[in-house]
Amino acid sequence: MIRFSRAMSCAAFIFAGALLLEVPQAHGDETCNSPYVTKLIKGQEDYVYVWALGVEGLGDGWDKMVTVDVNPKSKNYGKVIQQVSVGSRGEAHHMGFTDDRRYLWAGGLENSSIHVFDIATDPGRPRLVNTLLNLADKTGYVGPHTYYALPGRMLVQALSNTRDKGGVTGMALYNNKGDFITSYAMPVDGGGDGYGYDLAVNPRKNVLLTSSFTGYNNYMRSLGEVVKDPEAMKRFGNTMVLWDFKAMKPQKVFSVPGAPLEIRWSLKPGDNWAVAATALTSKIWLVKQDAKGEWQAKDVATIGDPAKIPLPVDISITRDGKGLWVNTFMDGKTRYFDLSKPEAPKQTYEKQTGKQVNMISQSWDGKRVYITSSLLANWDKGGADNEQFLRGFTWNGKELKQVFEVDFTREKLGRAHHMKLGSKALRTAYPAPEASRQLALNR
């Protein structure tokens, strides 16, 4: 085990004290939400929020939050019911709920802006209430990617830095009001490459896992240029890091070649393992403790034909931990893996769901799946292959059936990227922040 000794600030100690090991893993409506997010949608969701990249000359050209009605009983089923532009175009990418689910944070990889939307007042009509512009000044990091709810706080994983726009980066901690608290550098010693991408917490084990991607200099270039540049191809992350969650100190660096992206912990009670997929090597990796209690990372499955670089981009684990959806961007396919034996996942289904596909989200009951198309503005395909959509599917355990589509190009909305689910019932169902934390403790 590789240990590090970096002094924590007073703010970090306050942060650590707020995180209790007794907090069980919670379950999200999209099963990739933080375990600290309360008020989960376990029935029929009413809305899908889509964070979309602005396209110059298409509509107003700005990044925007698009709300789609996805309740089959609604007269507006499968239709856009609201769009909120942020007045800038900054490579809109990911977003995340605060722990009380009152707000949705959404950011841009190019301009590093973080936009905060109120979704509690009227879940069907998100309202832009704040924009944070201080990430780079406060931390030296740029490209905010993952927004992960903690009790009263938001942990933001960045992709790059202000110094050289490379992949060495870190995490920033804010409170729910948007006040900056502190930052944490990704490890560059003990086998660490300093790169970041996703993060996910297992509170029972006091473990935070982080993964790695690439820096601004790569993700803002065209994919064709990057692939043809041998030096650029060397600048992708090849590690995952295990952190002591309460202390926020890296404990072990795993060698995971090929840019490990999304991390998903099994949600089944008693399971203490996570999976991730590597974009460049097309593998599923398992992170789990061995018989001696040591955490290990192991390559356990192959996604498609790695020689063709299908480019796995997003994964979604089922609530019972027995299944995994995998989207591959280049071949436009959605695959399902049986995870009954996490050490040996087996593909049992695949379907062409687009000419290019990126994010995949599923309902809590697993009966509905949503897919979007855009990866990055400069990495999306061209011509007729540049489909931009939100597609809704039903899943009966055997077949995905498309039930609606929103064409983002035709409706002049831009490029459809990340998704979160919403519900009318959440309009008045918010406890005070302290009650919110207590609900998490009692799960």
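The values are calculated or read from the model by the stated rules, or taken from the named source; none is laboratory data. Small disclaimer: the values here were computed from a predicted structure and weren't measured. All Cβ positions, even for glycine, are placed from backbone atoms using ideal geometry, and neighbour counts span all protein chains on display. We work out accessible area using only protein heavy atoms, side chains counted, and drop any ligands, DNA or RNA first. Shrake-Rupley method; radii C 1.70, N 1.55, O 1.52, S 1.80 Å.
Of note:
- Distance between the C-alpha centres of segment 111-159 and segment 35-77: 17 Å, rounded to the whole angstrom.
- Candidates Gln388, Gln251, Gln356: whichever shows maximal mean-square fluctuation once the chain is modelled as a Gaussian network with Cα springs under 10 Å: Gln251
- Bridgeable aspartates and glutamates around Lys252 (alpha carbons under 13 Å apart, same-chain partners fewer than 8 residues away excluded): Asp189, Asp193, Asp244, Glu294.
- Stokes-Einstein D (µm²/s) once Rh is taken as the Kirkwood radius of segment 37-159 over alpha-carbon pairs, at 25 °C in 0.890 mPa s: 163 µm²/s
- Taking every alpha-carbon pair in segment 116-268 and binning the separations at 10 Å intervals from zero gives 11, 37, 33, 16, 2, 0 percent.
- Among the listed pairs Lys234/Lys333; Lys283/Lys346; Lys64/Lys355; Lys165/Lys381; Lys246/Lys420, those beyond 21 Å (Cα-Cα): Lys234/Lys333; Lys64/Lys355; Lys165/Lys381; Lys246/Lys420
- Of Thr394, Thr348, Thr278, the one that fluctuates the most in a GNM where the chain has Cα springs shorter than 10 Å: Thr348
- Segment 92-154 - percent relative contact order, Cα under 8 Å, separation 6 or more: 37 percent
- Surface share of carbon and sulfur [accessible, 1.4 angstrom probe, percent] for segment 314-362: 47 percent
- Cα shape, segment 137-218, gyration tensor, a/c 1.5 rule: oblate
- Modelled this way, with points 7 Å down the Cα-to-C-beta line, the labels at Asn217 and Arg163 are 1.3 nm from one another.
- Cα-based convex hull, segment 327-385, per residue volume (Å³, whole number): 104 Å³
- Of Ile303, Phe254, Gln362, farthest towards positive along the dipole that unit charges on Lys, Arg, Asp, Glu beta carbons give segment 215-363: Gln362
- Candidate residues Leu58, Leu209: accessible-area rank, largest first, probe 1.4 Å: Leu58, Leu209
- Segment 154-192: trypsin sites (Lys or Arg not before Pro) in DSSP coil with no more than 13 other Cβ atoms inside 10 Å: Arg163, Lys177
- Evaluated over the chain, the Cα radius of gyration and Dmax, each in Å: 19.9, 58
- Surface exposure of the chain, expressed per residue as accessible area with a 1.4 Å probe, stands at 37 Å².
- Positive-end residue, the chain charge dipole about Cα centroid, Cβ charges, pick of Asn33, Val142, Val55: Asn33
- Length gained on full extension, Asn378 to Tyr77: 105.2 nm, using 0.36 nm per residue less the C-alpha separation.
- For segment 271-333, size of Cβ-based charge dipole, Lys and Arg +1, Asp and Glu -1, in debye: 40 debye
- About its Cα centre, the chain has a charge dipole of approximately 840 debye under the convention of +1 per Lys or Arg Cβ and -1 per Asp or Glu Cβ, with nothing else charged.
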